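A.B. asks: Got a structure here, written out as structure tokens. Questions coming.
Derivation of every value follows stated rules applied to the coordinates shown; laboratory data play no part. Just so you know, these numbers come straight off a predicted model, no measurement behind them. Backbone-built Cβ (ideal geometry, glycine too); neighbour counts: all protein chains shown.
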Amino acid sequence: MTKTQLLDLPNELFPLIFQYLNSRNLIETFSNVQSNRIQILIQPFISHLDISQETNQWIQTYLPDILNQQNVVALRLHDKQITLLLQYVLLSKIQSMHIFDSHWSTDTLKQGLDQFGQRLKRLSITFTDPCGKGDLASHLFQRYCQLEYVNITGRSLFFDNNEISTCTKLTYLSIELEGMHRVFILMKNLPNLQQLKVKFRVEERMIQPTCYFKNLISCNTLRRITFTGCTKYFEHLAHFFATFGSTIQCLTINIDLIYNVIDGLRLERELLNKMQCLASFDLIIHSIQTHRESIEINTFQTLSWRKFNPIVYWNDIHAHQHTIFTLPYRSNTFKHLSNDFQSTCASNREVFLYFERVRTLSLLVTTPLTLETFEFIAKSFPNIKTLELTNPIELSRFELKHNRTISLLSDVFLSNNTLQLPSIVKFCFLLRSHYDNYQILRRFLHLLPNLVYLQMFIGRSLFHEILKYEHEDNFIRSALNRIETLQMVNFYDGKNILTHEEIHNLFPNAKKLFSGR
């Protein structure tokens, strides 16, 4: 079909054609077509434009005209492209941006925010380097800011009380912070906030200042709260809900409290009782406490708790870990499963343990993993994509030494190849023991028939075992050929590490990644 024939088609056919073309194809094909009719028809299909993967030449060729025609209202870009766009963005109708930032420094990003930040209504920033500078807040939260929606992921922001200005338009904020005190600074300057999501990153030695907790005024617009990450200061969370809890309707908490174990009575007294409007409550609290007795499940059986979803409590006595969560389980990650889970977890009412949202499951190895445990995983975690094997976080020197000597798998499970978990495509073997056992690796390869991503340490002992058996064991060779990505974990003696040639011999089709542990 010629371009003339294409332009002669009736209007109603163009949306059917355009839906099969991405925005780049549409711009390259129709940007020079001198037809108001076509430009009007194409506009809805290029109004949300992703240029994050485009070259500078492509941007300079096509984007000035597109932005000058004011067809674009949302733009997805990389921070290195900001300087190319500054003069055009100011004349456009762009109201929403999603910026990807991979640099340690935020200088270019701050320059862009100073130029066009006050024109935007929606802003998302995704940092791909979590260790870079977090000095962005004063350029985000500016006086006369028009932003209504801000979503910052991948890096914590650092700021003090006098570094941000009052923003009256902002109603949605998702941010990563180190410490609860910065939440109070934000609340002081965001009087019309309706939804707040905070991921906490905590340095255990950091002492949280409390001077910002005083003379706070309740925010009467706040409706939805999500707190994730880790904090050792539960009392600061309690102070937040005592101050701002009266209007909260939906609450999600997925927190590692580190060394604090909180029972139902304290949670009820310091959280639930502060939120009279609360209608939806999803809870996951994890903590490590070596010498702490189990929480009594009856502390979650009051009338206040029965208004909400069932509570499950699990104390892993071998790993010294306590976990409280509501059902249905809302997180896509379950971090602390072990052999003891089924037999020792308790609930404040009768429940069916089913975790359909979980995509990543972490198995703690404190006793030899049994066939029953993997049968439970197959039944209760139907959609997991990633399986991790890890050691408990907090063990004494004696327990750690003992843990390295126990068998990883029970004899029954090791000899039974019938059970499989076909949904799993990534396996992370992060144990500091048993990494050189050929039979264990072979059993997991049988368990995971669709595995394509393997993360583990492979030393010379296992290497020679594989070479020894691969000629008489067709399964092991086909399973290793199936691996598309191999992430080598280097936390052992450097003399034991394989060469690139040896790795390629084992995994001929895999892309190699390397990481320290």
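A.B. asks: Among Asp340, Asp8, what is the fewest-to-most ranking by other Cβ atoms within 10 Å?
C.D. replies: Ordered by Cβ neighbours within 10 Å, fewest first: Asp8, Asp340.
A.B. asks: Given the C-alpha atoms of the chain, compute the convex hull and give its volume per residue in Å³.
C.D. replies: Convex hull of Cα atoms, per residue: 208 Å³.
A.B. asks: Only sites in a loop by DSSP and with at most 11 other Cβ atoms within 10 Å count here; which chymotrypsin sites (Phe, Trp or Tyr not before Pro) in the range 1-51 make the cut?
C.D. replies: Tyr20
A.B. asks: I need the trypsin sites (Lys or Arg not before Pro) found in the range 269-348, filtered to DSSP loop residues with at most 12 other beta carbons within 10 Å of theirs.
C.D. replies: For trypsin sites (Lys or Arg not before Pro) across the range 269-348 that sit outside H, G, I, E and B with at most 12 neighbouring Cβ atoms in 10 Å, the list reads Lys307.
A.B. asks: What trypsin sites (Lys or Arg not before Pro) does the range 100-152 have in DSSP loop regions with at most 11 other beta carbons within 10 Å?
C.D. replies: Qualifying residues, ordered by number: Arg143.
A.B. asks: Over the range 295-395, what is the percentage of antiparallel beta bridges among all DSSP beta bridges, to the nearest 5?
C.D. replies: Given both bridge residues lie in the range 295-395, the antiparallel proportion sits at roughly 50 percent.
A.B. asks: Sticking with this structure for a sec: So what is the relative contact order of the chain, in percent, for Cα pairs below 8 Å that sit 6 or more residues apart?
C.D. replies: Reported as a whole number, the value is 5 percent.
A.B. asks: I'd like the antiparallel share, as a percent to the nearest 5, of DSSP beta bridges with both residues in the range 210-325.
C.D. replies: About 40 percent, rounded to the nearest 5.
A.B. asks: May I ask what percent, to the nearest 5, of DSSP beta bridges between residues of the chain are antiparallel?
C.D. replies: Here the share of antiparallel DSSP bridges comes out near 15 percent.
A.B. asks: Take every Cα pair under 8 Å in the range 93-243 that's 6+ residues apart, average their separations, divide by the length, and report that relative contact order as a whole percent.
C.D. replies: Reported as a whole number, the value is 17 percent.
A.B. asks: Moving on. Distance from the Cα centre of the range 6-34 to that of the range 92-168, in angstrom?
C.D. replies: Computed from Cα coordinates, the inter-centre distance equals 35 Å.
A.B. asks: Next up: Which log10 I(q)/I(0) values does the range 1-46 give at q = 0.14, 0.24, 0.26 Å⁻¹ under the Debye formula, counting every alpha carbon as one identical point scatterer?
C.D. replies: One equal scatterer on each Cα of the range 1-46 leads to -0.28, -0.90, -1.09.
A.B. asks: Determine the relative contact order of the range 254-382: mean sequence separation of Cα pairs under 8 Å and six or more apart, normalised by residue count, in whole percent.
C.D. replies: Result for the range 254-382 is 23 percent.
A.B. asks: Also, I was wondering about something else. Which of rounded, prolate, oblate describes the range 49-170, given a ≥ b ≥ c as roots of the alpha-carbon gyration tensor eigenvalues and a/c under 1.5 marking rounded, otherwise prolate only if a/b is larger than b/c?
C.D. replies: Note, shape of the range 49-170 comes out oblate.
A.B. asks: If the reach is capped at under 16 angstrom between alpha carbons, list the lysines near Lys93, excluding any in the same chain fewer than eight residues apart.
C.D. replies: Lys121
A.B. asks: For Lys512, list the lysines whose Cα falls under 28 Å from its own Cα; do not include residues on the same chain fewer than 8 positions away.
C.D. replies: Reachable lysines: Lys80, Lys335, Lys385, Lys426, Lys468, Lys495.
A.B. asks: Any lysines with Cα under 18 Å of the Lys188 Cα? List them, leaving off those in the same chain fewer than 8 positions away.
C.D. replies: Result set, ordered by chain and number: Lys169, Lys197, Lys214.
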